[in-house]
Amino acid sequence: MCLDFRFFVVCMLGCVMSFLVVSCSQQQQQVEAPDRLPAYHYVRGKTAVLKNGRAIPPPEAPPQVKRAIYAANSLVGKPYRMGGGHRRHHDSSYDCSGSVSFVLREAGLMTSIRHSKLFLRYGAKGPGNWISVYAKNGHVFMVICGLRFDTSGRGRKGPAWRTESRNARHFIVRHPRGL
């Protein structure tokens, strides 16, 4: 009887430990963004420069990051349309998730178009060194080399580089693996 009881206790401890490991790993998959993202701040060799509404990547940026910036630049000036960029990769207008999907696909960092909610599980948790994706159910935007690429902000709606700070409360931050 004593052996059966020890076996039972060991099994129960194993189950409890498994539950705790799974619970902790699920909680660690999400990293909340700070309540407010700061305004653009230039850092030599790390941040892009904005010129005439287009971003110029730092020379030290990896090739995928440069491709992401060039892809985002190609969307600047396109109008905002709900669902834009979801039916066709090259579209006449884009919404938030359509524009982020376009940029990541052109950079070779994603294979399919996603809706904003699906970005909650994109890539790896936390901010990246070069690219960070901020997502919540209903909106997604990204920061590439210190510049925010977003469909909302001051001025007109649509994909554009934004330099002002932004409320990021309730957003989850993710990044492409290795970047």
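The values are calculated or read from the model by the stated rules, or taken from the named source; none is laboratory data. Worth saying up front: this structure is predicted, and the values here are computed from it rather than measured. Every residue, glycine as well, gets a Cβ built from its backbone with ideal geometry; the counts of neighbours run over all protein chains shown.
Condition check: closer than 26 Å to E32 by Cα, among the hydroxyl-bearing types (S, T, Y) and at pLDDT below 95. Does S101 satisfy that? Give the steps one after another, and end with the answer.
Details: closer than 26 Å to E32 by Cα: yes; among the hydroxyl-bearing types (S, T, Y): yes; at pLDDT below 95: no.
No.
Where in the stretch 90-179 are there strands (runs of 3 or more DSSP E), lying fully within it, with 1 or more residues that are surrounded by 20 or more Cβ atoms within 10 Å (Cβ to Cβ), of a type in the set (D, E, K, R) and in contact with a strand residue (DSSP E or B) (Cβ under 6 Å, 6 or more places away or on another chain)?
In the stretch 90-179, 147-150, 160-162, 172-175 are the strands (runs of 3 or more DSSP E) which contain 1 or more residues that are surrounded by 20 or more Cβ atoms within 10 Å (Cβ to Cβ), of a type in the set (D, E, K, R) and in contact with a strand residue (DSSP E or B) (Cβ under 6 Å, 6 or more places away or on another chain).
Please go through the stretch 157-179 and give me each residue that is among the aromatic types (F, W, Y) and under 20 Å from A55 (Cβ atoms), ordered by number. Break it down into steps so the answer makes sense when it comes.
Quick first cut of the stretch 157-179, residues among the aromatic types (F, W, Y) only: 161, 171.
Hit for the stretch 157-179 is W161, nothing else.
Pick from A33, A72: which is surrounded by 10 or more Cβ atoms within 10 Å (Cβ to Cβ), in contact with a Phe, Trp or Tyr (Cβ under 6 Å, 6 or more places away or on another chain), within 24 Å of G138 (Cβ to Cβ) and modelled with pLDDT under 85?
Values: A72 fails: modelled with pLDDT under 85.
Checking each option against the conditions leaves just A33.
Mind checking whether some residue in the stretch 151-159 is modelled with pLDDT under 95, among the basic types (K, R) and under 15 Å from the mean Cα position of the chain (by Cα)?
no
From (1) assigned to a loop (DSSP other than H, G, I, E, B); (2) at pLDDT below 85, pick out the condition that doesn't hold for S18.
(1)
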